[in-house]
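Below: the structure, in structure tokens.
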Amino acid sequence: MPIFTDALPASSFTKFLDRTGTVPPRNRPFYVHWVDRFLTAREKECPRDSSITDESVKAYLDELTRQKESWQVRQASDALRLYRYYQSTTQLSSNTTANAASSANAGLWDDARTQLIEIIRLKHLSISTEQAYVGWFNKFCGFMGSAAPGEVLPENVRAFLSALAVERKLSAATQNQGFNALLFFFRMVLKRELGDMSSVVRSRIKQHIPSVLSKEETSLLLKNLDSEYAIMARLMYGGGLRIMECLRLRVKDVDLQRGTVTVRAGKGDVDRMTVLPASVGPVLSEHLETVRRIYNRDRAENIAGVSLPDALDRKYPGASTEWQWFWVFASGVLSVDPREKIVRRHHIHETGLQKAVKDAAAKAGIQKRVSPHTLRHSFATHLLEDGYDIRSIQTLLGHKNVQTTMIYTHVAKKNALGVTSPLDTL
């Protein structure tokens, strides 16, 4: 006899699937079937233990593998992930209700947040990472109701991450960011490990082909940019820089004589060297003369020095006011440092470059989605089309895995599909 009628009505799980829209309507009866089959087998094996463990799920799927097609096993695995998430939300709801009357733990969460921020800064993570991790911490805190941080269990994290995919339908990348934030919190603040997260309901990972400009379109785009934004765009396209790698360049990172740009603490906290286009040299040199005047004015007015990475200002107290550490693309206005609350000069904000590139694409009549990162994609694709090997391009881009670089073979003209249409051979 199906166990669903006693343990959890099939209609309840079906309504959950209907509400969340995670499964196409035609597949929902099959999802209910796989869960019912699992619960029935579980009841026979362990009549006094209704808990669902990772081991019991693995044994069930292993048995299905010997009996069913691979697509059926994958479907059953997805069904159990959703069912376990459904169970966890039901349990969490009752726990939250029970704890709602107590606010004594609010101070403990505040203390945990403070400790999280302190550890992030001790590890010299970027301000954007700090803001993202604290944001996820706050969301998770709200998800847990009034339970104390010490009461958090790995299954609560699994339920929260599954909710991102099921309830909020966030992308795989956003879900992964939430996972990284909570993993950091568990390890660094709670001093515990999350353990196996395989039962988390994962968002569908979509393979996106990057938007790439042709060389003609790139030329049109660059012609429609002016001032320092034109120089930034040329550096990004000419050397494959990410937007923040470009904006965070220091004077010492640009070598006009050798024709190189050194990217410091790029993605993954890795340094690398890339190309400084010869055509950019003269205009960049002229730009630096203008920036030098801003630097001299700051020194004359005794403005606080620029922010330095890895607490170098404590190791070298005068470095923040030295020319070599000044921003290549210094902002025209002073601002308050979000961490140290000091008025100082920062680099140009990324939104300015993003808007400038978008406006330039519209003026050029480019009918594609264009952002500053499109210039990096175009850099890699054009090098590939010009015959450069994939390993060299990987090094210039700073990719850890060559498979990440291989995506450009799908958009390069000479390698798009690897086939010639029979129409073109007639």
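The values are calculated or read from the model by the stated rules, or taken from the named source; none is laboratory data. The structure displayed is predicted, hence computed values, not measured ones. All Cβ positions, even for glycine, are placed from backbone atoms using ideal geometry, and neighbour counts span all protein chains on display.
For region 174-198, the tally of residues that are modelled with pLDDT of 80 or more and either among the aliphatic types (A, V, I, L, M) or within 10 Å of the chain's Cα centre (by Cα) (or both) stands at 13. Going through (1) closer than 19 Å to ARG121 by Cβ; (2) surrounded by fewer than 11 Cβ atoms within 10 Å (Cβ to Cβ) one by one, GLY318 falls short only on (1). The numbered conditions (1) closer than 20 Å to TYR86 by Cβ; (2) within 20 Å of the chain's Cα centre (by Cα); (3) modelled with pLDDT under 80 are all true for SER171 except (1). Among the residues of region 304-311, not a single one is free of Cβ contacts under 8 Å to residues at least 24 places away in the same chain, in the same structural domain as ILE231 (by TED's automatic domain parsing) and either of a type outside the set (A, V, I, L, M) or assigned to a helix (DSSP H, G or I) (or both).
Report, by residue number, each residue of region 335-352 that is surrounded by 15 or more Cβ atoms within 10 Å (Cβ to Cβ) and part of a strand (DSSP E or B). Across region 335-352, the qualifying residues are ARG344, ARG345, HIS346, HIS347.
For (1) modelled with pLDDT of 85 or more; (2) within 17 Å of GLU340 (Cβ to Cβ); (3) in contact with an Asp or Glu (Cβ under 8 Å, 6 or more places away or on another chain), each residue gets a yes or a no:
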{"site": "THR96", "(1), (2), (3)": "no, no, no"}
{"site": "ALA112", "(1), (2), (3)": "yes, no, no"}
{"site": "LEU122", "(1), (2), (3)": "no, yes, no"}
{"site": "ILE127", "(1), (2), (3)": "no, yes, no"}
{"site": "LYS139", "(1), (2), (3)": "yes, no, no"}
{"site": "GLY142", "(1), (2), (3)": "no, no, no"}
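Kindly provide the set of residues from region 233-251 that are within 17 Å of VAL283 (Cα to Cα), part of a helix (DSSP H, G or I) and in contact (Cβ under 8 Å) with a residue 60 or more places away in the chain, ordered by number. Those that are within 17 Å of VAL283 (Cα to Cα), part of a helix (DSSP H, G or I) and in contact (Cβ under 8 Å) with a residue 60 or more places away in the chain: ALA233, MET236, TYR237, GLY238, GLY239, CYS246, LEU247, VAL251. Within region 338-387, the set of residues being out of contact with any strand residue (DSSP E or B) (no Cβ under 6 Å at 6 or more places or on another chain), at pLDDT below 90 and not basic (Lys, Arg) comprises PRO338, GLU340, LEU384, GLU385, ASP386, GLY387.
Could you please let me know if ALA59 is at pLDDT below 80 and over 29 Å from the mean Cα position of the chain (by Cα)? Judged against the criteria, ALA59 is not a match. Looking only at residues of region 120-143 that are aliphatic (A, V, I, L, M) and more than 14 Å from GLY178 (Cβ to Cβ), we find that the one that is surrounded by the most Cβ atoms within 10 Å (Cβ to Cβ) is ILE120. Residue count for region 222-279 under the criterion of being among the β-branched types (Val, Ile, Thr) and in contact with a Pro (Cβ under 9 Å, 6 or more places away or on another chain): the result is 1.
Listed by first and then second residue, the pairs linking a residue in region 397-426 that is more than 23 Å from ARG242 (Cβ to Cβ) to a residue that is at pLDDT 60 or above, with Cβ atoms under 7 Å apart and 6 or more places separating them unless they lie on different chains, are LYS413/GLU385; LYS414/GLU385; ASN415/LEU384; ASN415/THR409; ALA416/HIS410.
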